[in-house]
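Single-structure report; data block below.
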Amino acid sequence: MLSISDAAVSQVRKMMEEQEEASAFLRVGVQGGGCSGLSYGMGFETEKKDDDTLLEINGLKVVVDQESAPLLQGVAIDYKQNMMGGGFTIENPNAIATCGCGSSFRTATNAGTPEEC
């Protein structure tokens, strides 16, 4: 479904420890919004919902809701560090358009709910 680089897994684990969420799941999802119509979301969650897909990526427990799953097919999440700091990057082969900052997108079959920037 999706891949997460070693650098991203390492950063997520570091954040989990800092927030005392070491046993939590990483939730990756998509919701309507952003300039292009759909926005990515990542956060920690303590429970898996019944309709979630559970993935284990490099020992990291990841949950994805059933509505987000098709939009995240083939997605690659990475963490890049540069002189300005660091951040997660998301490469989505399903996206036909993205906003300038890269945090929102749309696909050929789902335009989402675009908002004013």
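We did not get these values from a lab; they are worked out from the coordinates using the rules stated. Just so it is clear, the structure is predicted and the values come from calculations on it, not from any experiment. Don't worry about glycine lacking a Cβ; one is built from the backbone with ideal geometry, like all the others, and counts go over all protein chains shown.
Taking the dipole about the Cα centre of the range 20-117, with the C-beta of Lys and Arg at +1 and of Asp and Glu at -1, give me whichever of Pro93, Pro114, Ala24 is farthest to the positive side.
The listed residue farthest towards the positive side: Pro93.
Evaluate the charge dipole of the range 2-107 about its Cα centre and quote only its size in Debye, nearest 20, assuming +1 on the Cβ of each Lys and Arg and -1 on the Cβ of each Asp and Glu. Spell out each step's value before the answer.
Details: 8 positive and 15 negative charges, 78 e Å.
That gives a dipole near 380 debye.
With springs connecting C-alpha atoms under 10 Å apart, model the chain as a Gaussian network and identify which of Gly87, Gly74, Gly41 has the largest mean-square fluctuation.
Looking only at Gly87, Gly74, Gly41, the largest GNM fluctuation is found for Gly87.
Could you tell me whether the range 1-52 comes out rounded, prolate or oblate from its Cα gyration tensor? Rule is a ≥ b ≥ c as square roots of the eigenvalues, rounded for a/c under 1.5, then prolate if a/b exceeds b/c, otherwise oblate.
On the way: a/c = 1.89, a/b = 1.44, b/c = 1.31.
It is prolate, given that a/c is not under 1.5 and a/b is the larger ratio.
Helix 6-18 versus the longest principal axis of the chain: what is the Cα-based angle in degrees, 0 to 90, to the nearest 10?
60 degrees
Just the C-alpha atoms of the chain: what Rg/Rh do they give, with Rh taken as the Kirkwood radius? Show your work: numbers first, answer last.
Working: Rg = 14.2 Å, Rh = 14.8 Å.
My calculation of the ratio gives 0.96.
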